[in-house]
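Inspection log for the structure reproduced underneath, given as structure tokens.
The values are calculated or read from the model by the stated rules, or taken from the named source; none is laboratory data. Since the structure is predicted, the reported quantities are computational estimates derived from the model, not experimental observations. Glycine also receives a Cβ, built like all others from the backbone with ideal geometry; neighbour counts cover every protein chain displayed.
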Amino acid sequence: MIPWYALLYIYGVLLIVGGLMGYVKAKSVPSLVAGVVCGLIAIFIGYRYPWHYAPEAALVLSLFLLIIMGRRYLKTGKLMPALFVVILSIIVAIAQIYVLLVPGPGNESLL
């Protein structure tokens with residue numbers, strides 16, 4: 001089974017790549033900064049996943065990006081990058097809620 005923190009590594013890398021793509025395609029510095037900062041935060045949370053509050057921190061990050069990019073998608077209607085980040089954030093949020101609510105093998109050290 002893939003550990004929970006691996007999902008945050010993937011999420012973080014995709015956020016960084018998305019920020020870089022936004023910069024390359026549209027010369028958007030805010031996209032670059034937001035993608036890199038949020039991506040590094042996700043990777044750091046994944047690295048520190050045994051820390052007691054890591055699932056909560058990951059949930060807050062994913063909900064924050066879900067709200068921000070959800071509003072952007074509703075405003076622009078563009079699939080990339082807004083809807084893509086919304087879908088990724090939903091997946092990460094559901095995984096973190098699962099970790100927080102379902103005790104079991106692999107979750108004992110987190111509770």
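Points worth noting:
- Scanning the stretch 23-55 for residues that are of a type in the set (Phe, Trp, Tyr), assigned to a helix (DSSP H, G or I) and under 17 Å from the mean Cα position of the chain (by Cα) returns Phe44, Tyr47.
- In the stretch 13-70, residue modelled with the lowest pLDDT [restricted to those that are closer than 15 Å to Ile97 by Cβ and of a type in the set (Gly, Ala, Ser)]: Ala54
- Residues that are over 10 Å from the mean Cα position of the chain (by Cα) and surrounded by fewer than 15 Cβ atoms within 10 Å (Cβ to Cβ) within the stretch 10-22 comprise just one, Val17.
- Within the stretch 70-93, the presence of at least one residue that is among the charged types (D, E, K, R), farther than 28 Å from Pro3 by Cα, part of a loop (DSSP other than H, G, I, E, B) and without any contact (Cβ under 8 Å) to a residue 12 or more places away in the chain is confirmed.
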